[in-house]
Amino acid sequence: MDNDYLIKKMEKYADEKGIPIMEKDGINFLSEFVKLNKIKNILEIGCAIGYSAINMALVSEDITVTTIERDKDRYIEAVKNIKNAKLDHRITLVLADALDFNTDEKFDLIFIDAAKSQYLKFFNKFSNNLTQKGYIITDNIKFHGLAFSDKTKLSRNLRQLIGKLENYIDFLNNNKEFKTRFFDVGDGIAISRRRLDNNETNNSKDK
C-alpha cells in the first residue's frame with residue numbers, strides 16, 4: 001500500500017472514530033524536527049493507531065521507533081497500519097500502560113502524546129532514558145486553548161485535567177535540569193532539552 005494513501009486513510013479513520021491524532025501542521029513540524037536534528041532512536045508514549053510513529057519513521061530509513069499503547073483496539077489497528085506501511089522491522093509496538101513499561105535503552109527523542117493527566121509522571125519516568133543531548137517533545141500543550149483559560153463553565157473532571165496540564169507547564173518552565181521552548185503549532189508543542197550551561201535563561205518561548 002502506498003504510504004501517502006495509507007496516511008490519508010488513517011486520518012480519515014481517526015476522524016470517523018474520534019481518535020485523537022496529531023494535527024497536520026503538528027505532524028509536519030515533528031517530522032521536520034526529526035529530520036533537522038538527525039534523530040535516529042525514538043520512544044513514543046501513546047501510539048493510538050500508529051499515525052505519528054509511521055510519519056516519524058518515514059523521515060529516514062535508519063530511524064527506529066518504540067511506541068507504547070495501552071488500548072487494545074487501538075494497538076491492533078496500529079499493528080495493521082505499521083505492517084501495511086512495511087515498517088514493522090523499524091517500529092516496535094508495545095501493548096502496555098506506559099507507567100508499567102521499563103527499558104534500559106537510551107533514546108534521542110522521547111515523544112509524549114498520551115494521557116495529559118500523566119504528562120508529569122511520563123516526563124519524570126522516561127527522562128532517564130534520554131541520551132545526554134536528546135529531546136523530550138510534548139504534544140497538546142494548549143489542549144484546544146483551554147490551558148490557562150477561564151474554567152468556570154467546565155465540568156469538574158475537565159477542570160482537574162486542565163489543572164494537571166497547567167502544573168506540567170509550570171514544571172517545564174521552572175525546571176532546573178531541562179530548558180523548554182514552546183511552539184504555537186498544532187495544539188501546542190513543548191520541546192525540552194537538558195541544560196548544558198547552568199547560566200542559561202530559564203525558558204524561551206516561540207509564538
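For the stretch 65-79, the criterion of being crowded, with 16+ Cβ neighbours inside 10 Å, under 25 Å from PHE183 (Cα atoms) and touching a Lys or Arg at 6+ places or on another chain (Cβ under 9 Å) is met by at least one residue. Any residue that is out of contact with any strand residue (DSSP E or B) (no Cβ under 7 Å at 6 or more places or on another chain), of a type in the set (Asp, Glu) and at pLDDT 95 or above - is there at least one of those in the stretch 48-62? Yes; the residues of the stretch 48-62 include at least one that is out of contact with any strand residue (DSSP E or B) (no Cβ under 7 Å at 6 or more places or on another chain), of a type in the set (Asp, Glu) and at pLDDT 95 or above.
Each residue in the stretch 28-54 was checked for being buried (at least 21 other Cβ atoms within 10 Å of the Cβ) and farther than 20 Å from LYS133 by Cα, and 9 of them qualify.
Screening the stretch 21-47 for residues that are over 11 Å from the mean Cα position of the chain (by Cα) and among the aliphatic types (A, V, I, L, M) and picking the one that is farthest from ALA114 (Cα to Cα) gives LEU36.
Here are some residues: SER31, SER52, SER60. Which one is among the hydroxyl-bearing types (Ser, Thr, Tyr) and in a loop (DSSP other than H, G, I, E, B)? Please lay out each step first, then the result.
On the way: SER31 fails: in a loop (DSSP other than H, G, I, E, B); SER52 fails: in a loop (DSSP other than H, G, I, E, B).
Unique residue meeting the criteria: SER60.
In the set (1) touching an Asp or Glu at 6+ places or on another chain (Cβ under 6 Å); (2) modelled with pLDDT of 95 or more, ASP113 fails one condition alone, (2). Could you list, in sequence order, all residues of the stretch 9-27 that are more than 19 Å from GLU69 (Cα to Cα) and surrounded by 19 or more Cβ atoms within 10 Å (Cβ to Cβ)? If the condition is that a residue be more than 19 Å from GLU69 (Cα to Cα) and surrounded by 19 or more Cβ atoms within 10 Å (Cβ to Cβ), then GLY26 is the only one that fits.
So that you can scan it fast, the table gives a plain yes or no per residue for (1) under 26 Å from PHE171 (Cβ atoms); (2) among the hydrophobic types (A, V, I, L, M, F, W, C); (3) touching a His at 6+ places or on another chain (Cβ under 7 Å):
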| position | (1), (2), (3) |
| --- | --- |
| LYS40 | no, no, no |
| GLU44 | yes, no, no |
| ASN55 | no, no, no |
| ARG70 | yes, no, no |
| LEU87 | no, yes, no |
| ALA96 | yes, yes, no |
| LEU99 | yes, yes, no |
| LEU109 | yes, yes, no |
| ASP113 | yes, no, no |
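Kindly check whether there is at least one residue in the stretch 179-193 that is assigned to a helix (DSSP H, G or I), within 17 Å of TYR119 (Cα to Cα), under 17 Å from the mean Cα position of the chain (by Cα) and modelled with pLDDT of 85 or more. No; the residues of the stretch 179-193 include none that is assigned to a helix (DSSP H, G or I), within 17 Å of TYR119 (Cα to Cα), under 17 Å from the mean Cα position of the chain (by Cα) and modelled with pLDDT of 85 or more.
The values are calculated or read from the model by the stated rules, or taken from the named source; none is laboratory data. What you are looking at is a predicted structure, and each value in this text was computed from that prediction instead of being measured. Counting neighbours? That spans all protein chains shown, and the Cβs are built from the backbone with ideal geometry, glycine included.
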